[in-house]
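*Asks:* This is the structure I want to talk about, given as structure tokens.
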Amino acid sequence: MLSYQHGYHAGNFADVIKHVTLTRLINYMTQKDKPVFYLETHSGSGLYDLRDSKSGKTGEYHQGIGLLWPQRKQWPDIFSCYRHSLINVNPNRELRYYPGSPAIAIEHFRSQDRLFFCELHPQEFACLQRLPHDGKRVFLSESDGISRLTSQLPPPERRGLIFIDPSYEVKTEYKLIPQAINSAFQRFATGVYCLWYPLVDPYCHQQLLREMNKIPVKNKLRIEFSLTPTPGSGMWGCGLWIINPPYVLAEEMKVVLTCLKSFFNPKQASFLLES
């Protein structure tokens, strides 16, 4: 959808969960010397100014990264890559910028890896084009990233991380995107796939889970974080569905989510880890 711009939501609690998870996946994928292909289907602008009008209109980051930032030196070691990405764009210690997934990926992948970012919104794509590449092999496409699942997979590198972070503005995406992932999995069954989704509509949530469970994969991890024990108005939580997750990820995310639970609505928040 061309109306969605992530700047209104940058740095919220869901971004924190999503991006800490991404750093753990990148950390695992880059432990071997062999090159990795990284594909992002919905990249956004890559870097967000928390003082601009979009962020100021919603102020969502105040209940997300804004809660964690003052205690960044006390975060568990497992947050180190995520913390470094934040400090990298906020060298003066004042929280002003929030790195999106492209900025995080460019920082933590290596020169031998190939990074492919897709973004359909023209304004978001224009911002994405200005993001420094730091000498990395970065390719940008002003296109629908879901369509690229077919054209870019399987990659010649034979090792890949596919990060899928749609807006879900159209409710049919809860069904169509899992189906697209299923098709991609048939082409590239050894890839690591990470799908983010919001907890905002109980029916759509269950529909997405049903469709993802149709993918014939043995190794998977479902992560969900809820701010409240029962659905409320708006987004009450978020989830990540990971196909072929690293064997250490479940235990790592238990540490991560236990920590984040102490910041994000601690009296009511809960999380789920399901293999």
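The values are calculated or read from the model by the stated rules, or taken from the named source; none is laboratory data. Quick caveat, the model's predicted, so the values are computed rather than measured. Backbone-built Cβ (ideal geometry, glycine too); neighbour counts: all protein chains shown.
*Asks:* Can you name the residue in segment 159-175 that is without any contact (Cβ under 8 Å) to a residue 40 or more places away in the chain and not acidic (Asp, Glu) and is also surrounded by the most Cβ atoms within 10 Å (Cβ to Cβ) among such residues?
*Replies:* Going through the qualifying residues, I end up with TYR174.
*Asks:* Determine, yes or no, whether ARG187 is of a type in the set (Lys, Arg) and under 27 Å from ARG110 (Cα atoms).
*Replies:* Answer is yes for this residue.
*Asks:* Then there is this: Please return the ranges of strands (runs of 3 or more DSSP E) entirely within segment 104-197 where 2 or more residues are closer than 21 Å to PRO216 by Cα and within 19 Å of the chain's Cα centre (by Cα).
*Replies:* Answer list for segment 104-197: 160-164.
*Asks:* Next up: Pairs, please: C-beta under 8 Å, at least 6 apart or cross-chain, first residue within 21 Å of THR172 (Cα to Cα) and in segment 197-225, second of a type in the set (Phe, Trp, Tyr) and part of a loop (DSSP other than H, G, I, E, B)?
*Replies:* Here the result reads TYR197/TYR168; PRO198/TYR168; LEU199/TRP236; VAL200/TYR168; VAL200/TRP236; CYS204/TYR168, each pair linking segment 197-225 to a residue that is of a type in the set (Phe, Trp, Tyr) and part of a loop (DSSP other than H, G, I, E, B).
*Asks:* Using beta carbons and a limit of 6 Å, which pairs, at least six apart or on different chains, have the first residue in segment 41-61 and within 24 Å of PHE117 (Cβ to Cβ) and the second one part of a loop (DSSP other than H, G, I, E, B) and of a type in the set (Asp, Glu)?
*Replies:* Listed pairs, sorted by first residue: HIS42/ASP165; SER43/GLU119.
*Asks:* Name the residues in segment 82-103 that are assigned to a helix (DSSP H, G or I), in contact (Cβ under 8 Å) with a residue 24 or more places away in the chain, among the hydrophobic types (A, V, I, L, M, F, W, C) and closer than 15 Å to ILE65 by Cα, would you?
*Replies:* VAL89
*Asks:* Pick from segment 62-79 the residues that are of a type in the set (A, V, I, L, M, F, W, C) and surrounded by fewer than 21 Cβ atoms within 10 Å (Cβ to Cβ): which of them is nearest to THR190 (Cα to Cα)?
*Replies:* Only one residue fits best here, namely ILE78.
*Asks:* Continuing with the same structure: Report yes if some residue within segment 49-61 is at pLDDT 95 or above, closer than 17 Å to LEU131 by Cα, among the aliphatic types (A, V, I, L, M) and buried (at least 19 other Cβ atoms within 10 Å of the Cβ); otherwise report no.
*Replies:* Yes.
*Asks:* OK, next. Report yes if some residue within segment 247-270 is of a type in the set (Val, Ile, Thr) and within 19 Å of ILE162 (Cβ to Cβ); otherwise report no.
*Replies:* No, that holds for no residue.
*Asks:* Quick one: in segment 26-47, of everything that is within 15 Å of the chain's Cα centre (by Cα) and not in a loop (DSSP other than H, G, I, E, B), which residue is surrounded by the fewest Cβ atoms within 10 Å (Cβ to Cβ)?
*Replies:* It comes out as ASN27.
*Asks:* Tell me which of these MET253 doesn't satisfy, since it passes every other one: (1) surrounded by fewer than 17 Cβ atoms within 10 Å (Cβ to Cβ); (2) assigned to a helix (DSSP H, G or I).
*Replies:* Result: MET253 fails condition (1) only.
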